[in-house]
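One structure is given here, and the rest of the page talks about it.
Taken together, the values in this text are just the output of simple stated rules run on the coordinates, not laboratory data. Keep in mind the model is a prediction, meaning the values are calculated, not measured. Positions of Cβ are backbone-derived with ideal geometry, glycine not excepted, and every protein chain shown enters the neighbour counts.
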Amino acid sequence: MLSFWALTALLAVAAWIWLRLKGPRSRLPPDLRGPTPASWILGNQPEVVLSEAGEANRRWKAQYGAVYKYYGCFGDEYLVLNDANAVQHVLKGQTTSYLLDKSLREFLRLVTGEGLIWADEADHARQRRLLSPAFNTPFIKSLAPTFAACAFRLVTQWNQRIETEGDDKGGWDVEAYHWMELLTMESLGLTAFGVKFGSLEGNQHPLQTAYTGLIGSAYSHPSKLSIALGAAVLHIPAFIVHHLQKLPLPGISKFKEAQRVGRKFADELMAKKRRLLETNHVLQDRDFITVLVQAGEKNQKGKLESMPDEEIYNNLTTFWVAGFETATNASSFALIELARNPDMQQRLASELIGILGGAADRDLSDGFSTDEVEQMPYLEAVVNETLRCHGPIHSGLFRAAGDDLIPLSNPITTRDGKLNSIRVQAGQSIICSFDGCNRWEEVWGPDADQFRPERWLRAEAKEIEPDKQCGGVYANLATFGGGPKACIGYRFAVLEVSVFIAAIIRDFEIALSRPDWELGRDGSYIGTIPMERGRWQGGGRCPLRVRRRRSVM
Ligand code: HEM
């Protein structure tokens, strides 16, 4: 059988010949500055993909300014935006003026089905309205006890391991990245499907098996061949990508099998909930399926129309793909920063014990509330600073639907003079650097590159001049994007990560398990993943030495 990659390689060769015949076509102002490509096939892409998250951008930004161009594979030109006004303009134009690349969108259909990330224009607006009850503030706030009870199950497991596997000083070495994966998975299982997987206790639920195959750090530090093949995907016409899904290719079959298992499981749950609704039950369970089968909007005849089961399912998959690895990475980065900064950890622990009580006074098996989380400004500061410095998605890729003029906060210098705005033509690929916006010195100060939660305790952090706002949906950070396609799960994610960190730091003192361990931020494509610098093939890492927290001064 022809493998997925062999077929991609074949199509890549066809795309290469076609592009060569077509010749280079630049859509950007010719005087816009940027790095020289190493070759036509790979362009500057290896520098972007193989350096740490946002690193190439930081280097080029310092050299060419906040707006520049670089070359991807096969002569593709990318316009990179680090400028707040420009990023805000593109984010606001999503679903109309700035869209997902068509071929990429077809691949997305394979992974998530036709859910919210995939949807554009009117269909996107309709789905977003129908999904909103699952993401409104009161519903999300009500999830804190679920997240906290889940985190307490992790705390219980760690306490048992300290007991059985710890050293004579009460220390136990743990690869916490793996545990953060289990914890995020368990919370998504409970909040999306209302199902307890039991993965923290070592069980393997069929739904968990099905979904685990969908995600992962598979794209970390790819070979140059993989970089070229990955880029070729963007040159395969969307209709061919669409038909590829019907072929029995191994990579595709994996997605299809996951969809089949997940779908069967969700269908049974949805059918059960719909039967209960028909007999006038009001369902109280706090999970997305329950909320979504009960939600709907009135059609023109005044009849309530709820989201079809197919769409609910596609969106559950979408939430899984969008919310699993991102929240795992954010929580792991927060733990790593606290392990590296004992003073910050101590300050946080004092705040947590002041509000939640210590481990000896209060068992958190029933969780704790959002009200309690909201009484902890230093916890908020630690989480915000993690999302600023280590945003799990470092950039977004967009495609201009038509010709446009993008306004800039600060003029840029080109080879021929200064520009206050930048003209783009239909089809232009644009990268908004979320990491670049989050580290902009004019907003975050000269120490913008440093992890310093204290900056969030000053009122100024929340008052940014309009011309310096990047349009981010949360805390003037670009981390969750902005505009009509801003992350719908941002409240969920911020609360979830805050609760996880609170539960762990209240009960454990953490340090890095190896003093020589160096944090590397893998930035292959759009995700930022904590790894060991130089050992990229090892996947996500958060190596901790944990001990029961004894006393807090
Ligand atoms: C720290 C964790 C997370 C980060 C950093 C993150 C970041 C993002 C970003 C950057 C986008 C694209 C925004 C844009 O284009 O303007 C996005 C979209 C999205 N996210 Fe998140 N996300 C996180 C967690 C979650 C969670 C937990 C869920 C669901 C439970 C979720 C669901 C979604 C969905 C459905 C979209 C597509 C929205 C649309 O197209 O309308 N995300 N996210």
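Can you tell me the FRET efficiency between R126 and R415 if r is taken as the Cβ-Cβ distance and R0 is 41 Å, rounded to the nearest 0.05?
0.35
If I stretch the segment between E374 and S226 completely, what's the gain in nm (0.36 nm per residue apart, minus their alpha carbon distance), one decimal?
That pair, E374 and S226, stretches by 48.8 nm at full extension.
Sorted from fewest to most neighbouring beta carbons within 10 Å, what does the list L207, L512, L397, L348 look like?
L397, L512, L207, L348
Roughly how big is the range 4-548's charge dipole about its Cα centre, with Cβ charges of +1 (Lys, Arg) and -1 (Asp, Glu), in debye to the nearest 20?
I would put it at about 1660 debye.
I'd like to verify something in the chain: which complete DSSP H helices, judged by Cα projection on the helix axis, reach 24 Å or more and average at least -0.5 on the Kyte-Doolittle scale?
For the chain, where a helix must reach 24 Å along its axis and average at least -0.5, the hits are 4-22, 144-165, 309-340, 490-507.
Quick check for you: which residues of the range 394-425 have the amide N under 19 Å from the point 7 Å beyond the Cα of L104 toward its beta carbon?
From the range 394-425, the list is 394-404, 406, 424-425.
Just order 497-505, 513-521 by mean Cβ neighbour count inside 10 Å, highest at the front, would you?
Packing proxy ranking, top to bottom: 497-505, 513-521.
Spin-label point model (7 Å from Cα, Cβ direction): what's the D168 to D343 distance in nm?
Once both label points are built, they end up 3.4 nm from each other.
If I take R0 = 35 Å and measure r between the Cβ atoms of E454 and H281 in this structure, what FRET efficiency does the formula 1/(1 + (r/R0)^6) give, to the nearest 0.05?
0.10
Can you sort K141, K264 by how many other beta carbons sit within 10 Å, fewest first?
Ordered from fewest to most neighbouring Cβ atoms within 10 Å, K141, K264 come out as K264, K141.
Under 4.7 Å Cβ to Cβ, no partner at all: give me those cysteines from the chain, in residue order.
So, C73, C150, C389, C432, C487, C542.
Give the residue from V443, Q45, Q425 lying farthest towards the positive end of the charge dipole for the chain; charges sit on Cβ (+1 for Lys and Arg, -1 for Asp and Glu) and the dipole is referred to the Cα centre.
Q425
If you stretched the chain out fully between R547 and D447, how much longer would it get, using 0.36 nm times the residue separation minus the C-alpha to C-alpha distance?
That works out to 32.8 nm of additional length.
E305's amide H: which non-local residues (gap 5+, or another chain) put their own amide H closer than 5 Å, with H modeled 1.01 Å from N in plane and none for Pro or chain starts?
E297, K298, N299
As a check on your grasp of the helix formula, calculate [θ] at 222 nm for the chain: sum -39500 (n - 2.57) over DSSP H runs of n ≥ 4, divide by the residue count, round to the nearest 500.
So the calculated ellipticity at 222 nm is -14500 deg cm²/dmol.
About the Cα centre, and with charges only on the beta carbon of Lys, Arg (+1) and Asp, Glu (-1), how big is the dipole of the range 342-407? Nearest 20 debye, please.
Using Cβ point charges on Lys, Arg, Asp and Glu, the range 342-407 gives about 300 debye.
Separation of the range 500-537 and the range 360-374 by C-alpha centroid, Å?
26
Of K196/K272; K196/K273; K61/K468; K69/K418, which ones are farther than 21 Å apart at the Cα?
none
Taking other Cβ within 10 Å of each residue's Cβ, how do E201, E186 sort, fewest first?
Ranked by crowding around the Cβ, least crowded first: E201, E186.
Give me the percent of DSSP beta bridges within the range 4-548 that run antiparallel, rounded to the nearest 5.
90
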